[in-house]
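**Student:** Okay, here's the structure, questions in a sec.
The values are calculated or read from the model by the stated rules, or taken from the named source; none is laboratory data. Bear in mind that the values here come from a model prediction, so they are computed numbers and not experimental data. Don't worry about glycine lacking a Cβ; one is built from the backbone with ideal geometry, like all the others, and counts go over all protein chains shown. SASA here: full protein model, heavy atoms, side chains in, ligands and nucleic acids out. Shrake-Rupley method; radii C 1.70, N 1.55, O 1.52, S 1.80 Å.
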Amino acid sequence: MADREHPALPESLKLRASVLAEVRRFFADRAVMEVETPLLGTSTVTDVHLQSFEVRTHDPSQLPLFLQTSPEYAMKRLLAAGSGPIYQIAKAFRSGERSRLHNPEFTLIEWYRPGFSLADLMDEVEQFIMRFLCRQKIPRYSYRELFRKHLNLDPHTITLQELQRHSDELIDVRGADLDATDYLQLLMDQKIEPRLPDNCFVYEYPEAQAALSVVAPDADGVPVAQRFELYVDGMELANGYFELTDAAEQSARFEGDLARRRQLGLPAVPVDEELLAALEAGLPSCAGVALGLDRLLMVLGQNRDISDVISYPLG
């Protein structure tokens, strides 16, 4: 592991520079425009699993600002304003996240494709990965398929009580006030992810995990989230959505998040009204994805800790 008081080794710096240059060539070849959006905002995400850094100034009349956990909301405002296909190489910030795979400050490659379906975007993410890694065609598995295969349960229809019982039998469950999403994520992390192939897409997540994606019936008629995650070498590398464009539905989800935050004793955060206004004005039908640049560099450099690929990681 790199010494956190010193910058990453020169080889890591050179690898990052070459990857960034290739990322820009990839999108230039496809006429996807690079954009920049603010790192500071007056609102932030409501997601109970993401905690933002709050920034205060010396001016008591100034509302608190937040370092953005991703550029998603601002990029959707650009899409609603008619930007067309766009991408961004952006710094993102998430409080309380420090592990082998997490640093509080990290880099995302995020892009949006108007007119793309979720399958179209998975195809393009696959092409992106093959630009950097010598991989064969990436297999795709539904979330239900994996839970049925490895745990013999249906994550879309199981009751909370049954899920609690299964979890108690299979893993060491700690903490109170866990909901179905918490249990499923624990089972996914501890029992399914270690059994995944070297690279694969997982799609059709439970409705409760939709976040900012569309919910639609699957082949069995069960409502599922139209989103995917890409795993490479057992590590989540990308998270993609067929994007929700309904302002009323998005507002209701934000309110649901805030209610859950109150229940868990988490701080309330201001809702991004500008995003809701952009959805109301008309976000084009599109698919979008965020891919972790630092984690991609870990795969390319065969590093086990994110500290090894970041110039000055936080301890």
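**Student:** With the structure loaded, tell me whether ALA287 is touching a residue at least 24 places away in the same chain (Cβ under 8 Å), part of a strand (DSSP E or B) and either more than 22 Å from GLN51 (Cα to Cα) or open to solvent by less than 40 Å² (accessible area, probe 1.4 Å) (or both) or whether it fails that test.
**Tutor:** Criteria met by ALA287.
**Student:** Which of the numbered conditions does GLU124 fail, given that it passes all the others? Conditions: (1) within 19 Å of PHE228 (Cα to Cα); (2) of a type outside the set (A, V, I, L, M, F, W, C); (3) not in a helix (DSSP H, G or I).
**Tutor:** Failing condition for GLU124: (3).
Results for (1) touching a strand residue (DSSP E or B) at 6+ places or on another chain (Cβ under 7 Å); (2) closer than 28 Å to MET298 by Cβ; (3) open to solvent by 20 Å² or more (accessible area, probe 1.4 Å); (4) without any contact (Cβ under 8 Å) to a residue 40 or more places away in the chain, shown as yes or no for each residue.
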residue	(1), (2), (3), (4)
VAL202	yes, yes, no, no
GLU207	yes, no, yes, no
VAL214	yes, no, yes, yes
PRO217	yes, no, yes, yes
ALA225	yes, yes, no, yes
ASN239	yes, yes, yes, no
ASP246	no, no, yes, yes
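**Student:** Another question, then. Which residues, taken from segment 34-43, are touching a Ser or Thr at 6+ places or on another chain (Cβ under 8 Å) and either open to solvent by 70 Å² or more (accessible area, probe 1.4 Å) or outside any loop (DSSP other than H, G, I, E, B) (or both)?
**Tutor:** Those that are touching a Ser or Thr at 6+ places or on another chain (Cβ under 8 Å) and either open to solvent by 70 Å² or more (accessible area, probe 1.4 Å) or outside any loop (DSSP other than H, G, I, E, B) (or both): none in segment 34-43.
**Student:** So which pairs qualify, if the first residue must be in segment 156-181 and free of Cβ contacts under 8 Å to residues at least 24 places away in the same chain, the second must be open to solvent by 80 Å² or more (accessible area, probe 1.4 Å), the Cβ gap must be under 7 Å, and the two must be at least 6 apart or on different chains?
**Tutor:** ILE171/GLN190
**Student:** So is THR46 of a type outside the set (A, V, I, L, M, F, W, C), out of contact with any Ser or Thr (no Cβ under 9 Å at 6 or more places or on another chain) and part of a loop (DSSP other than H, G, I, E, B) or not?
**Tutor:** The answer is yes for THR46.
**Student:** Taking the criterion of being aliphatic (A, V, I, L, M) and over 28 Å from PHE26 (Cα atoms), would at least one residue in segment 130-146 satisfy it? Don't jump to the end; show me each part of the working.
**Tutor:** Within segment 130-146, the subset aliphatic (A, V, I, L, M) is 130, 133, 138, 146.
Okay, now just the ones that are also over 28 Å from PHE26 (Cα atoms), so 146.
Within segment 130-146 (the criterion being aliphatic (A, V, I, L, M) and over 28 Å from PHE26 (Cα atoms)), the answer is yes, since at least one residue qualifies.
**Student:** Just one of the numbered conditions (1) more than 30 Å from PRO267 (Cβ to Cβ); (2) free of Cβ contacts under 8 Å to residues at least 12 places away in the same chain; (3) open to solvent by 70 Å² or more (accessible area, probe 1.4 Å); (4) not hydroxyl-bearing (Ser, Thr, Tyr) is not true of ALA31; which one?
**Tutor:** Here ALA31 meets the rest and fails (2).
**Student:** Something else: Which one of the conditions (1) outside any helix (DSSP H, G or I); (2) farther than 25 Å from ASP123 by Cβ; (3) in contact (Cβ under 8 Å) with a residue 24 or more places away in the chain does ALA268 fail to meet, given that it meets all the rest?
**Tutor:** Result: ALA268 fails condition (3) only.
**Student:** Just for segment 258-284: of the residues that are among the charged types (D, E, K, R) and open to solvent by 50 Å² or more (accessible area, probe 1.4 Å), which one is farthest from ILE86 (Cα to Cα)? Spell out the reasoning first.
**Tutor:** Start the filter on segment 258-284 by keeping residues that are among the charged types (D, E, K, R), which leaves 260-262, 272-274, 280.
In the following step, the residues that additionally are open to solvent by 50 Å² or more (accessible area, probe 1.4 Å) were identified as 262, 273-274, 280.
Working: ARG262: 35, GLU273: 22, GLU274: 19, GLU280: 20 Å.
Among those that are among the charged types (D, E, K, R) and open to solvent by 50 Å² or more (accessible area, probe 1.4 Å), it is ARG262.
**Student:** Which one of LEU230, LEU276 is assigned to a helix (DSSP H, G or I) and closer than 30 Å to GLY115 by Cβ?
**Tutor:** So the residue among LEU230, LEU276 that is assigned to a helix (DSSP H, G or I) and closer than 30 Å to GLY115 by Cβ is LEU276.
**Student:** Any chance segment 213-220 includes a residue that's touching a helix residue (DSSP H, G or I) at 6+ places or on another chain (Cβ under 6 Å) and of a type outside the set (D, E, K, R)?
**Tutor:** Yes, that holds for at least one residue.
**Student:** When the residues of segment 297-315 are filtered to those that are outside any helix (DSSP H, G or I) and among the hydroxyl-bearing types (Ser, Thr, Tyr), which remaining residue is least open to solvent (accessible area, probe 1.4 Å)?
**Tutor:** Residue satisfying both the conditions and the ranking: SER311.
**Student:** Taking LEU20 as the residue in question, decide whether it is farther than 25 Å from GLU124 by Cβ, surrounded by fewer than 16 Cβ atoms within 10 Å (Cβ to Cβ) and touching a residue at least 24 places away in the same chain (Cβ under 8 Å).
**Tutor:** no
**Student:** Moving on. Cβ-Cβ below 9 Å, separation at least six or inter-chain, first residue in segment 130-146 and surrounded by 18 or more Cβ atoms within 10 Å (Cβ to Cβ), second among the charged types (D, E, K, R) and in a loop (DSSP other than H, G, I, E, B): which pairs?
**Tutor:** Note: pairs meeting the criteria are SER142/ASP218; ARG144/ASP154; ARG144/ASP218; ARG144/ASP220.
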